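To start, the structure under review is shown below, and the notes come after it.
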Amino acid sequence: MDNAMSLWDVLSSFVDTLTGHMALTACLLAVTDERAVGRRLKRWPPLLLSPLAATLLSAGLAVSLPWLGMTHYFIVSLAILAMVTLWTRWAWGFGFWRALAAVCMASIFQVADATLSWMLYMEFPVGEGFRFAAAIALHLGAGIAVSLLLYRLRFGKWFRLLLDGETAPRRMALLLFGLESVMEALLRLAGGIQTRFLLLYYLLVTATAALMAALVVYLAQRFDAARKIQAQQDVIAQQRLYEQELESIRQEVRAFRHDYKNLLAGLSHQAGDLEGLRRTLSELDAGFDLRLGRKIQASTQIGNLQIPEVRSLLLTKLAAMGERGTACRLETLYPVTAVDMDTWDFVRCLGILVDNAAEAALDTDQPWVEIVLLSQAGQVHLRVSNSYGNRIDPGQMWREGWSTKGEDRGLGLASYRRILEGYPNASSCTSWDRGVFVQELTVEART
């Protein structure tokens, strides 16, 4: 190898990079509020390829492009960020933007730790080998200590809250990427700081990292407050809907009572006609089921939806379809209390399927939509059926922009597919036959 980088340089670079990855992993577990730490660490071995690749890339750049200077560091750092993001996406089952946001947030804390270890390496008055070992130990120890502190402060709970929503992961990833770049720049600037200012410099770096963490918590609290207000509004809307349903049931009972008296009066003239009496009673029972039983059943089905976000969405969608003249049927035979995927991602998937079903049904003479939600042993199964009358091209259906209404309108199914790519425990199925279009989604319980 060229003299530009000795064997010691290569080995120390690999050990330093490996230690940085270990500290980064500890911070990553904390910022994602991971509780199944052992399960994530079982997937850690493939991440060893990242420090190895980074070391080889650094050595290659030092030999072939020695004039790069500081750019060398940022190229290697960007490569590490990309590799760790891909690993996080696989290990956690996150989407790309969610994984990038988590890695950038963890990197902010890890780089702050690296600044402290770098100061020790530069200023500790002992042999280089001992200084290096002490700096490595301090880097890893500080990373673990910071992660434990973040766990205790429940920082990960607030951070994950910020990643809810359709565009939130992308916005947060870009913001945190910019902030992480600032931290990397601060680390590189340390080489030009005079010795008497190093302590002040590190306090500045620590304060910067703390302010970034405080900014994340503040944004998460604002988002949480807005979501709680929305939830309260949804509860009020649900109560109004229930009141309307109860009033409707009361009116039906009054009408049925009036009809029942008339029917009893008529039955007295059929006392000798047993077959006619049986037929009349059967019609009376059918009329009860048609006019009142269905309303009571619908209220029971809504009550089984015990995930507030799901219940609010379906109440809104059912009301909207009813106003447009679409016959709606909801079936939830057992209580649905949880789903093993991000709640807001599940709500987005549900909303896309119901919206597509409602829109497609309107193209038929008798529009109808049926929604079935089943929950058993941790598994949640969703089935959305609707009447349809358009031709469907299976090869084009999942293409972004495709729609039976024309080009550049169908974005839902493509988004639906992208969401599911981040959940290996979720599977979807689509079928259509004889005027019935069916979309199914099954979410298994992750072990």
Taking region 420-442 and the residues there that are open to solvent by 40 Å² or more (accessible area, probe 1.4 Å) and not in a strand (DSSP E or B), the one that is modelled with the highest pLDDT would be Pro424
When you look at Ala338, is it at pLDDT 85 or above and in contact with a strand residue (DSSP E or B) (Cβ under 6 Å, 6 or more places away or on another chain), yes or no? no
Do we have any residue at all in region 108-118 that's of a type in the set (Asp, Glu), closer than 24 Å to Gly156 by Cβ, out of contact with any Ser or Thr (no Cβ under 7 Å at 6 or more places or on another chain) and part of a loop (DSSP other than H, G, I, E, B)? no
Determine if region 166-175 includes at least one residue that is at pLDDT 85 or above, within 23 Å of Asp16 (Cα to Cα) and surrounded by fewer than 17 Cβ atoms within 10 Å (Cβ to Cβ). no
Quick one: Thr85 ticks every box in (1) open to solvent by 10 Å² or more (accessible area, probe 1.4 Å); (2) farther than 17 Å from Thr19 by Cβ except a single one, so which number is it? (1)
Could you please give the count of residues in region 181-191 that are at pLDDT 70 or above and either touching a Cys at 6+ places or on another chain (Cβ under 8 Å) or open to solvent by 40 Å² or more (accessible area, probe 1.4 Å) (or both)? 4
Failed condition for Leu78, given (1) touching a residue at least 12 places away in the same chain (Cβ under 8 Å); (2) part of a helix (DSSP H, G or I); (3) closer than 25 Å to Pro169 by Cβ; (4) not small (Gly, Ala, Ser): (1)
Checked Gly395, Gly406, Gly401 against criteria (open to solvent by less than 20 Å² (accessible area, probe 1.4 Å), more than 18 Å from Asp345 (Cβ to Cβ) and at pLDDT below 90); the one match is Gly401
Pull up region 321-335, narrow it to residues that are of a type in the set (D, E, K, R) and out of contact with any strand residue (DSSP E or B) (no Cβ under 8 Å at 6 or more places or on another chain), then point me to the one that is least open to solvent (accessible area, probe 1.4 Å). Arg324
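The values are calculated or read from the model by the stated rules, or taken from the named source; none is laboratory data. A quick note: this is a predicted structure, and the numbers were derived from the prediction, not measured. Counting neighbours? That spans all protein chains shown, and the Cβs are built from the backbone with ideal geometry, glycine included. To get the accessible areas, we keep the full protein, side chains included, count just its heavy atoms, and leave off ligands, DNA and RNA. Shrake-Rupley method; radii C 1.70, N 1.55, O 1.52, S 1.80 Å.
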